[in-house]
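The values are calculated or read from the model by the stated rules, or taken from the named source; none is laboratory data. Computed from a predicted structure; not experimentally measured. Reconstructed Cβ throughout: ideal geometry from the backbone, glycine too, with neighbour counts over all protein chains shown.
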Amino acid sequence: MKQRPVFIQENVRLAPLTTYQIGGPAQFLAKINSLEELTSAIDWATEDHWPIYFLGGGSNLLISDQGVAGLVITLTEPEPIFTDKIVEVGAGHSLSKLVTACIDHGLAGLEWAAGIPGQVGGAVRGNAGAFGGWLADRVIEVVAYNIKSKQIEVISAQDCQYAYRHSIFKDRAELLIWSVKLALEIGNQAELQKIADEHRSYRRQRHPLLPSAGCVFKNPAVDEVARLAPKLLQAAQSVGAVSRGEVSAGFIISQAGLAGYSIGPAQISRQHSNFLVNNGGATAEQMRQLIEYVKTEIRHQYNLEFIPEVALWP
Ligand SMILES: Cc1cc2nc3c(=O)[nH]c(=O)nc-3n(C[C@H](O)[C@H](O)[C@H](O)COP(=O)(O)OP(=O)(O)OC[C@H]3O[C@@H](n4cnc5c(N)ncnc54)[C@H](O)[C@@H]3O)c2cc1C
């Protein structure tokens, strides 16, 4: 039996590492600084057959109250490397800080992401997007570590199979995103700063400030809503709740009369109904029940099948 590497801690609370502030402990947690550390942590965990989880900024994640048995891997935050109009950045880097660093270098392309919590790796996996921008539009290639083969894989943007909130990393759970190269453009620093500030201020005004994981459900496609609930689509169009081929899931939840509904301290926000917030002390079980409640109501009222964006552990 291999000895546990010294940097792997035992019984670590995960709730403070998530924006929901929910979740039990990790049996083991490793904060990884280098590929050598990663390899030794994976070697140790696979020898003992522990399940392995990747934790980014915990901003799109609901962890069970019992926590997770096995090894949770988190990555440290090395400085991004800028070469002309390309930035190479580690997956553990904060997305929002990367936006600031790009603007400081007078480089455009990520302003839309100002104020999105979480790390670059989580954003690469989920194809984070806002205000018409998508991470997929900037990705040149992703370096991933395959925890099964223990090999590095370099995956081109095309092979990432990007779509709305989707990438190959959701299908291939053995790939830990290690770093990414992004293509940017020359921009005017003051103008970029102004746009980023406007996005941050929009978020402060429109989004609930209580602990949440952002939007819980994917927006359904216009075609699907047109087919299954045409009247709902008309209502959404009349208030501008349709954009880029999607109908706002938040609008649909409000229209269904669900805003404000709560299970204990877990509540559907009245401010933005696609945010399910933790009013203080909510459990993962209550949040899961609330997610199921929304799905069931939307199915009954509109025949639509809502798909959660949020990852559920285990
Ligand atoms: C207030 C608020 C506002 C938000 N607004 C937006 C928004 O406008 N647009 C948007 O797209 N999202 C938004 N989100 C959701 C969230 O911030 C993003 O989805 C973010 O990109 C998730 O990254 P993370 O590092 O926090 O991932 P985590 O929550 O840590 O993980 C999410 C999933 O990604 C996996 N993962 C994490 N890191 C890696 C890695 N290195 N390799 C492989 N898999 C990994 C995890 O295993 C998990 O399955 C918002 C969230 C909040 C709380």
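With respect to Glu77, determine if the residue is under 24 Å from Arg13 (Cβ atoms) and of a type in the set (Asp, Glu). Walk me through how you get there before you give the answer.
Numbers: under 24 Å from Arg13 (Cβ atoms): yes; of a type in the set (Asp, Glu): yes.
So Glu77 passes the test.
One residue is enough: does region 66-87 have a residue meeting the conditions under 19 Å from the mean Cα position of the chain (by Cα) and surrounded by fewer than 18 Cβ atoms within 10 Å (Cβ to Cβ)?
Yes - at least one qualifying residue is present in region 66-87.
Determine whether region 209-227 contains at least one residue that is over 23 Å from the mean Cα position of the chain (by Cα) and touching a residue at least 40 places away in the same chain (Cβ under 8 Å).
yes
Here are Ile268, Ile307: which of them is in contact with a strand residue (DSSP E or B) (Cβ under 9 Å, 6 or more places away or on another chain) and surrounded by fewer than 18 Cβ atoms within 10 Å (Cβ to Cβ)? Step through it out loud before you land on a result.
Working: Ile268 fails: surrounded by fewer than 18 Cβ atoms within 10 Å (Cβ to Cβ).
Testing whether each residue is in contact with a strand residue (DSSP E or B) (Cβ under 9 Å, 6 or more places away or on another chain) and surrounded by fewer than 18 Cβ atoms within 10 Å (Cβ to Cβ) leaves just Ile307.
What number of residues within region 229-278 satisfy the criterion of being modelled with pLDDT under 95 and acidic (Asp, Glu)?
0
Residues of region 167-196 being within 16 Å of the ligand (Cβ to nearest atom), surrounded by fewer than 19 Cβ atoms within 10 Å (Cβ to Cβ) and either closer than 17 Å to Leu95 by Cα or basic (Lys, Arg) (or both), which ones? Break it down into steps so the answer makes sense when it comes.
Of all residues in region 167-196, those within 16 Å of the ligand (Cβ to nearest atom) come to 167-182, 195-196.
From what is left, the residues that are surrounded by fewer than 19 Cβ atoms within 10 Å (Cβ to Cβ) are 168, 170-174, 181, 195.
Of everything in region 167-196, those that are within 16 Å of the ligand (Cβ to nearest atom), surrounded by fewer than 19 Cβ atoms within 10 Å (Cβ to Cβ) and either closer than 17 Å to Leu95 by Cα or basic (Lys, Arg) (or both) turn out to be Lys170, Arg172, Lys181, Ile195.
What single numbered condition from (1) under 25 Å from Ile63 (Cα atoms); (2) basic (Lys, Arg); (3) in contact (Cβ under 8 Å) with a residue 60 or more places away in the chain fails to hold for Arg244?
All conditions are met except number (1).
What do you reckon, is Thr74 in contact with a Gly (Cβ under 9 Å, 6 or more places away or on another chain), under 23 Å from Leu209 (Cβ atoms) and modelled with pLDDT of 95 or more? Don't jump to the end; show me each part of the working.
Working: in contact with a Gly (Cβ under 9 Å, 6 or more places away or on another chain): yes; under 23 Å from Leu209 (Cβ atoms): no; modelled with pLDDT of 95 or more: yes.
The answer is no for Thr74.
Conditions (1) more than 23 Å from Tyr20 (Cα to Cα); (2) more than 8 Å from the ligand (Cβ to nearest atom), marked per residue:
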| site | (1), (2) |
| --- | --- |
| Pro117 | no, no |
| Ala157 | yes, yes |
| Arg165 | no, no |
| Gln205 | no, yes |
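Filter region 258-293 down to residues that are polar (S, T, N, Q), within 16 Å of the ligand (Cβ to nearest atom) and part of a strand (DSSP E or B), then give me how many there are.
Our first condition is that a residue be polar (S, T, N, Q); within region 258-293, this holds for 262, 267, 269, 271, 273-274, 278-279, 283, 286, 289.
Going one step further and asking which of them are within 16 Å of the ligand (Cβ to nearest atom), we end up with 267, 269, 271, 273-274, 278-279.
Checking the rest, the ones that are also part of a strand (DSSP E or B) come to 267, 278.
Residues that pass the stated criteria total 2.
Any chance region 233-240 includes a residue that's buried (at least 16 other Cβ atoms within 10 Å of the Cβ), without any contact (Cβ under 8 Å) to a residue 24 or more places away in the chain and within 19 Å of Ala15 (Cβ to Cβ)?
no
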